[in-house]
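What follows is one structure encoded as structure tokens, with my remarks underneath.
The values are calculated or read from the model by the stated rules, or taken from the named source; none is laboratory data. Please read all numbers here as calculations on a predicted model, not as lab measurements. Counting neighbours? That spans all protein chains shown, and the Cβs are built from the backbone with ideal geometry, glycine included. Side chains are part of the model used for accessible areas, which takes the heavy atoms of the whole protein and leaves out ligands, DNA and RNA. Shrake-Rupley method; radii C 1.70, N 1.55, O 1.52, S 1.80 Å.
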Amino acid sequence: MKNATPAQLLEQASVKQYCKAVRAPVIGANFTSLAEQAVRENHSHIRYLEALLAMECEERDRHAIENRIRDARLPRVKTLEEFDFAQAPQIPAARIRDLAEGGYIERSEPVVLIGECGTGKSHLATGLCLAACRQKRRVRFTTAAALVNELIEAKQNGQVKKAMARWAKYDLIALDEVGYVPLADIGAEFLFQVIADRAERKALIVTTNLPFSEWTTVFPNPRLCQALLDRITDRAHIIETGTESFRFRRTMERRKKQ
């Protein structure tokens, strides 16, 4: 505040200390400038207080979203806005955007993205995860192989229960590349346990390059495979991304232009 008296400066210092104590740094940094603006524009005390609190809340929301995105461990930050639906007309854009609203998370419904490599499965899964992070939900992205390896290591260290509890806390888990690598019995059992624990409780996104009829090629126990499919497909949003790799097509188009 310009031309502040010693008493006013003391008051300002005191307010800043209180803001620090209650962890309201945005209010501490802006209360004087906003007070000057309130006087110039003849705002009421309540309007001034509302503006200050709004600034603090907006900053906290921004930090919360940043933390959710960091904790999600996304391989890359890819948004649904960046996805070129024109290059993949078989993918229902309206349906994907509807999923991004988060209703499937509230209803604990799975989303299954099926298609060949390069058809946008991981991009869509990442975009849905990012949308969930923006809604301040707890999200985790991983490959099926990485999840299985983590749980096998936890078993070796006698920490399976703790590891399973850690995975159960997420509002949404995205399992990428299910079916890309054959799993031994122990790996398939761990994957089934994670998915079964989420059934009708928490949301799940699965990406796979295999039609359901071929899952027995990577899950050796047919009964376990059937039980796994039952959990994944029950009430699921199943979206086929196609067989033509537009990533490969894009690469070839770039080469032609060179």
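Check which residues have an amide H placed less than 5 Å from Val112's amide H, if you skip close sequence neighbours.
Here Val206, His237, Ile238, Ile239 satisfy the definition.
Among 105-118, 207-220, how do they line up from the highest to the lowest mean number of other beta-carbon atoms within 10 Å? Before the final figure, lay out each step's value.
Details: 105-118: 18.5, 207-220: 16.6.
Highest mean packing first, the order is 105-118, 207-220.
How far apart, in nm, are two points set 7 Å out from the Cα along the Cα-to-Cβ line at Gln156 and at Glu66?
Taking the two extended label points, one gets 3.7 nm.
With the chain treated as a Gaussian network of Cα nodes joined by springs under 10 Å, which of Gly120, Gly103, Gly179 yields the largest mean-square fluctuation?
Residue with maximal mean-square fluctuation among Gly120, Gly103, Gly179: Gly103.
How much FRET efficiency would the formula 1/(1 + (r/R0)^6) give for Thr243 and Asn149, where r is the Cβ-Cβ distance and R0 is 25 Å, rounded to 0.05? Show your work: numbers first, answer last.
Numbers: r = 29 Å, r/R0 = 1.17.
Efficiency, from the Cβ-Cβ distance: 0.30.
Quick one: order Val181, Val26, Val139 from most to least accessible surface, probe 1.4 Å. Could the numbers behind the result be given before it?
Working: Val181 85, Val26 25, Val139 5 Å².
Sorted by accessible area, descending: Val181, Val26, Val139.
How large, in percent, is the carbon and sulfur part of the accessible surface of segment 45-178 at a probe radius of 1.4 Å?
Working: 3480 of 7030 Å².
So the carbon and sulfur contribution to the accessible surface is 49 percent.
What spacing in nm lies between the two simple spin-label points modelled at Glu50 and Arg76, each 7 Å away from Cα in the Cβ direction?
4.4 nm
Whole angstrom only: what separates the Cα centroid of segment 1-78 from the Cα centroid of segment 160-200?
So the separation of the two Cα centres works out to 42 Å.
Per 0.36 nm of contour for each residue apart, how much would the distance between Thr233 and Arg166 grow if the chain were fully extended, relative to their Cα-Cα spacing? Before the final figure, lay out each step's value.
Details: separation 67, 0.36 × 67 = 24.12 nm, distance 2.37 nm.
Stretched out fully, the Thr233 to Arg166 stretch lengthens by 21.7 nm.
At what distance in nm do the modelled label points of Ala86 and Ile186 sit from each other, each positioned 7 Å from its Cα along Cα→Cβ?
Taking the simple label geometry, Ala86 and Ile186 are separated by 5.1 nm.
How large is the charge dipole for segment 144-202, taken about the Cα centre, if only the Cβ atoms of Lys, Arg (+1) and Asp, Glu (-1) carry charge, to the nearest 20 debye?
Details: 8 positive and 9 negative charges, 73 e Å.
My answer is approximately 340 debye.
Which entry in (1) 18.5, 61; (2) 24.8, 81; (3) 19.3, 63 is this structure's computed Rg and Dmax of the Cα atoms in Å?
(2)
If you line up the long axis of helix 25-40 against the longest principal axis of the chain, both from Cα atoms, how many degrees apart are they, to the nearest 10?
Tilt of helix 25-40: around 50 degrees.
Arg97 to Gln17: FRET efficiency via 1/(1 + (r/R0)^6), r the Cβ-Cβ distance, R0 45 Å, to the nearest 0.05?
Numbers: r = 47 Å, r/R0 = 1.04.
Computed FRET efficiency for Arg97 and Gln17 comes out at 0.45.
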